[in-house]
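Read-outs throughout are calculated quantities, based only on the coordinates presented, and are distinct from any laboratory measurement. All of these numbers come straight from a predicted model, not from anything done at the bench. Quick reminder, even Gly has a Cβ in these numbers, built from the backbone with ideal geometry, and neighbours come from all protein chains shown.
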Amino acid sequence: MTHYGCVGRILHVDLTTEQISVESPPVPFYRTYLGGSAMGMHYVLNEVPPQADPMGGPENVLALMVGVVTGAPISGQSRVCSTAKSPMSGLIGDAQGGGFWPAQLKAAGFDGIVLRGRASSPMWLWINEGTAELRSAENLWGKATGDVEDLIRDEVSDQRTQVLQCGPAAEKGVRFGALISSSTRANGRTGMGTVMASKNLRAIAVLGTNQPSLADPATVAALAKQGALQFPHSEVAGLGEYGTAEGLLPLNEEGGLPTRNWSSGVFEGAEKISGERLAETYLKRRNTCHGCIVRCKRVVEISDGDYDVSARYGGPEYETLAAFGSYCGVDDLAAICYANQLCNMYGLDTISCGGTIAWAMACLCLLGTRWPSARWLRPSRSEKASGNSSAKDHKERRKPLVRDRILLWPQRVRSSQPTCPSTSEASLFCTA
Ligand code: SF4
């Protein structure tokens with residue numbers, strides 16, 4: 001029986017013993033779980049002991065699963081679900097990400113990967129045309145995501161290689177470490193990057209030419225064609241033009257935009273951080289995922305002013321604009337783009353990171369009567385003069401662009417700054 005849509009192979013890697021094996025589940029298994037979260041959950045629920053330490057390494061299981069339609073020539077299908085016990089909640093964690101890695105995993109010959117154990121030294125996993133091997137990642141550890149991607153592509157001598165990785169933040173034990181692919185796409189939520197780092201695994205690189213078999217290729221092609229024709233005139237056409245941030249202003253109108261640690265749902269600076277403003281200012285181009293005509297992904301570039309932002313690290317989506325913008329009371333779009341770059345470089349979930357900073361700012365509010373202003377790290381004058389802070393020559397320099405610190409400066413005296421929520425309200429935020 002043909003596994004239509006799927007390869008019929010799941011890769012199992014025990015990092016403790018460095019044993020690699022391939023499971024070929026029967027069709028009923030695929031019909032039961034289909035793929036994605038459900039398939040990943042099958043392994044996590046069956047194998048992870050209830051008391052397992054999610055960051056302890058060996059006992060936790062990290063499953064990475066694509067779906068039945070991943071790799072098919074239709075929009076929106078290139079997704080990978082990551083599932084494990086979460087360092088954030090201690091419960092099941094689940095996060096999805098897009099880009100090109102998911103479709104390329106299937107092209108490399110697998111519907112998913114199950115990672116167990118913990119390597120004795122940093123490793124990365126190379127999956128190529130149905131084969132897999134572990135390689136040393138000593139030279140990758142501690143490096144920014146863009147640098148790791150470059151180094152792996154150079155090592156395998158193929159620039160088409162897609163890399164999914166955790167970042168330096170997860171290596172250092174930040175609980176909301178994300179999995180990053182293409183230096184821009186994140187399986188952001190629930191600390192799945194931290195789980196990968198706890199296994200001493202830095203990256204998984206995939207490359208292959210396998211095409212998933214379709215039961216009815218003619219119908220799939222017809223649907224794809226119809227979708228492409230209808231999309232520009234559909235209600236979601238704005239998703240392509242403004243990205244997920246097309247919903248920011250309507251949400252603000254409804255009073256649902258997280259503002260100053262949720263002390264409000266309306267942000268007076270919403271226009272300045274909207275998807276529309278981003279498209280008018282720093283948007284360099286739109287990007288897409290494998291086979292998708294929507295092209296909702298933002299690519300920003302800033303080379304003047306206080307912040308150097310490289311197109312290498314993409315651009316902010318709604319969640320990032322809200323988390324580092326309204327949630328923190330910040331209406332400086334360039335600063336938000338820069339924060340997005342930091343998170344993609346270091347492998348941080350932008351939502352948890354922005355939310356944590358907003359909470360810290362609410363705590364600072366308890367010390368004064370004004371909401372603190374935020375100045376995200378700015379390159380020093382000497383750095384700017386020497387060009388060290390520029391992101392343009394990132395490929396040549398191949399070293400982190402910025403220092404990993406964020407400054408929060410309380411400025412209580414500026415009358416133009418909004419006031420804090422009342423002390424009792426702020427207490428609630430701070431103790432939540
Ligand atoms: S480009 Fe946007 S809509 Fe298309 S698959 Fe990627 S995230 Fe989804």
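Set against the 2.2 N^0.38 Å expectation for a compact globular protein, the chain has a Cα radius of gyration ratio of 1.00.
Calculated FRET efficiency, Ser136 to Ser89, Cβ-Cβ distance, R0 = 35 Å: about 0.60 to the nearest 0.05.
The charge dipole of the chain, taken about the Cα centre with unit charges on the Cβ atoms of Lys, Arg (+1) and Asp, Glu (-1), comes to about 660 debye, rounded to the nearest 20. Applying a DSSP loop filter and a limit of 15 other Cβ atoms within 10 Å to the chymotrypsin sites (Phe, Trp or Tyr not before Pro) in segment 1-80 leaves Tyr4. Using R0 = 25 Å, the C-beta based FRET efficiency linking Glu253 and Arg295 works out to 0.45.
The simple spin-label model puts a point 7 Å past each Cα toward its Cβ; for Arg31 and Thr2 those points are separated by 1.7 nm. Stokes-Einstein diffusion for segment 75-220 at 37 °C, viscosity 0.692 mPa s, with a Kirkwood radius from C-alpha pairs, works out to 213 µm²/s.
Per residue, the chain reaches -9000 deg cm²/dmol at 222 nm when only DSSP H runs of four or more residues are counted, each adding -39500 (n - 2.57).
Rounded to the nearest 20, the Cβ-based charge dipole of segment 8-131 about its Cα centre (Lys and Arg +1, Asp and Glu -1) stands at 260 debye. Since only Ala132, Asn46, Val163 are under comparison, the one whose Cα sits farthest along the positive direction of the charge dipole of segment 10-207, derived from C-beta charges on Lys, Arg, Asp and Glu, is Asn46. For Ser303 and Ser264, the FRET efficiency from 1/(1 + (r/R0)^6), where r spans their Cβ atoms and R0 equals 41 Å, is about 0.75. Across the chain, the relative contact order, built from alpha-carbon pairs under 8 Å that are at least six residues apart, equals 14 percent.
With the cut-off at 29 Å, tell me which of the pairs Lys85/Lys284; Lys172/Lys272; Lys106/Lys225; Lys85/Lys106 have Cα atoms farther apart than that. From the list (Lys85/Lys284; Lys172/Lys272; Lys106/Lys225; Lys85/Lys106), the Cα-Cα distance tops 29 Å for Lys85/Lys284; Lys172/Lys272.
The residue list Gly208, Cys296, Pro122 was ranked by how far each Cα lies along the charge dipole of the chain toward its positive end, using unit charges on Cβ atoms, and Pro122 comes out on top. For the residues Ser373, Ser352, Ser234, a GNM of the chain with alpha-carbon springs under 10 Å puts the largest fluctuation on Ser234.
Taken along the Cα-to-beta-carbon direction at a fixed 7 Å, the label points for Asp14 and Thr281 span 5.4 nm.
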